[in-house]
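These notes are about the structure you will find just below.
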Amino acid sequence: QAITEADGGMVAGVIWRNNGRQDQTNVSIVIEVLDETGTTVLNTTNIDPFTMPAPANEEICPAPILDTLFISTGFVPAEMGIYQVRASITSDEGDDVPDNNSKTRVIEYTSDEYGHNDAPLSTGELRGRASTDNPDLFVPYGVGNIFTFPNAGSTAYGLTVEFGPNCDGGLNFLAALYTDQSTTSQAYQLESFAYHTLYDQWIDAGPIYFPFDDAISMSTEEVYMVTVETEEETIEECTVRVEPNSDNDNSTAKKDFNSNQQLVWFFRNSYSPAVRLITSERVMSVEENSLNQASELNIYPNPASTEARIDFNLAEAGNVAYEVRDINGKLIKFDNVGKYNVGNNTFTVDVNAIATGSYFMSVVSGGKVIAHKQFIVKH
């Protein structure tokens, strides 16, 4: 979400380290926000200079390996889209390795999805871990992201996940949304969840969409965790794509056993998993629907009684899912229907088990709604 200027605007999290044997004095960190091309600086933030002690001179022993600064930039994007954020660090002392004193991250402001990973850089893979008691089995697996909502008014409709190349088809897994109720110990309350069986065509195939049963209004007072996980030992391995060396705000959650052999969530990880929260609107009024992408989606027949043919257009190839929701936003029917090519495409939906009434059909690709339309089931 875009944080308002009054609340500090975009926050940049910078992890830094002094690898040398002497203190660095008059250290300056500059945050620049640039346009998508990286050629135009839109915003610059300088923090007050400080001294960066060498590890041997730290007051704390053992010295912290890394330190993190969260810097409010005041930047609010003028429009949705892609931006670059560059952090640069300098000091009065010379540096034997100056090439690592600047780091750039690509970010995207969108109304549709919430994530921590940069999709093109999500080339890593978080593998499952074999059981020590039986190497033919994998211990329970879980990975996800922490999200907060600085602004009111968002609604969550589902999540996407990119399964890794070593994932096994036939795996039974849980897609879930939690709220953090922890006080002195970990406590997470399930807000929405669904069990799925992984199909071979989802493996290393980009974002796969899984909707929540009900649309969930997100609170500015809650901390949310979106996960993909297994609950028992499995023969099949679960793996998820991750962006390495990217979690600078401790937002990555990984489930594993602690020293007491209890399954808990760990949050100090170096990677960002390709698990995203989908916040795009699904249910629209008839008036809104007539103005939004309806020409890209044809449903025939409409009303439908046994089967509906869905004709849609893809601007780029990708995995496609559909969901049918009632006028209150409740999920009635859903399926991932496979990978489709650019251009005009068709699939069919069995509506025999859907009660007579008015519904909304959404076609989703890469977690984003590419077309939506109201239709009627009449038996």
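The table for this structure:
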{"item": "Criterion (in contact with a Gly (Cβ under 6 Å, 6 or more places away or on another chain) and touching a residue at least 24 places away in the same chain (Cβ under 8 Å)) met by exactly one of Ser72, Ser91", "result": "Ser72"}
{"item": "Gly94 in a loop (DSSP other than H, G, I, E, B), open to solvent by less than 50 Å² (accessible area, probe 1.4 Å) and either of a type outside the set (D, E, K, R) or more than 25 Å from Glu5 (Cα to Cα) (or both)", "result": "no"}
{"item": "Number of positions in segment 21-35 that are modelled with pLDDT under 95, part of a loop (DSSP other than H, G, I, E, B) and touching a strand residue (DSSP E or B) at 6+ places or on another chain (Cβ under 9 Å)", "result": "1"}
{"item": "Segment 215-232: number of residues that are at pLDDT below 95 and in a strand (DSSP E or B)", "result": "3"}
{"item": "Filter pass, Thr132 being open to solvent by 40 Å² or more (accessible area, probe 1.4 Å), β-branched (Val, Ile, Thr), out of contact with any Leu (no Cβ under 9 Å at 6 or more places or on another chain) and free of Cβ contacts under 8 Å to residues at least 60 places away in the same chain", "result": "yes"}
{"item": "Test: residue in segment 133-143 that is part of a loop (DSSP other than H, G, I, E, B) and more than 30 Å from Asp204 (Cβ to Cβ)", "result": "no"}
{"item": "Residue that is modelled with the highest pLDDT [pool: residues in segment 154-191 that are among the hydroxyl-bearing types (Ser, Thr, Tyr) and more than 12 Å from Met225 (Cβ to Cβ)]", "result": "Thr160"}
{"item": "Residues of segment 168-214 classified as closer than 23 Å to Glu243 by Cα, open to solvent by less than 60 Å² (accessible area, probe 1.4 Å) and not in a loop (DSSP other than H, G, I, E, B), total", "result": "11"}
{"item": "Subset of segment 40-83 [open to solvent by less than 40 Å² (accessible area, probe 1.4 Å) and either in a strand (DSSP E or B) or of a type in the set (Gly, Ala, Ser) (or both)]", "result": "Asn43, Thr45, Met52, Ala54, Ala63, Ile71, Gly74, Gly81, Tyr83"}
{"item": "Residues located in segment 318-339, provided they are of a type in the set (A, V, I, L, M) and surrounded by 14 or more Cβ atoms within 10 Å (Cβ to Cβ)", "result": "Val320, Ala321, Val324, Leu331, Ile332, Val337"}
{"item": "Which listed residue is touching a residue at least 12 places away in the same chain (Cβ under 8 Å), in a loop (DSSP other than H, G, I, E, B) and open to solvent by less than 30 Å² (accessible area, probe 1.4 Å), from Gly9, Gly13", "result": "Gly9"}
{"item": "Wholly within segment 234-276, strands (runs of 3 or more DSSP E) carrying at least 3 residues that are over 26 Å from Val11 (Cβ atoms)", "result": "252-257"}
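The values are calculated or read from the model by the stated rules, or taken from the named source; none is laboratory data. The structure presented is a predicted model; accordingly, all values stated were derived computationally and were not measured. All Cβ positions, even for glycine, are placed from backbone atoms using ideal geometry, and neighbour counts span all protein chains on display. All accessible areas refer to the heavy atoms of the entire protein, side chains included, with ligands and DNA or RNA removed. Shrake-Rupley method; radii C 1.70, N 1.55, O 1.52, S 1.80 Å.
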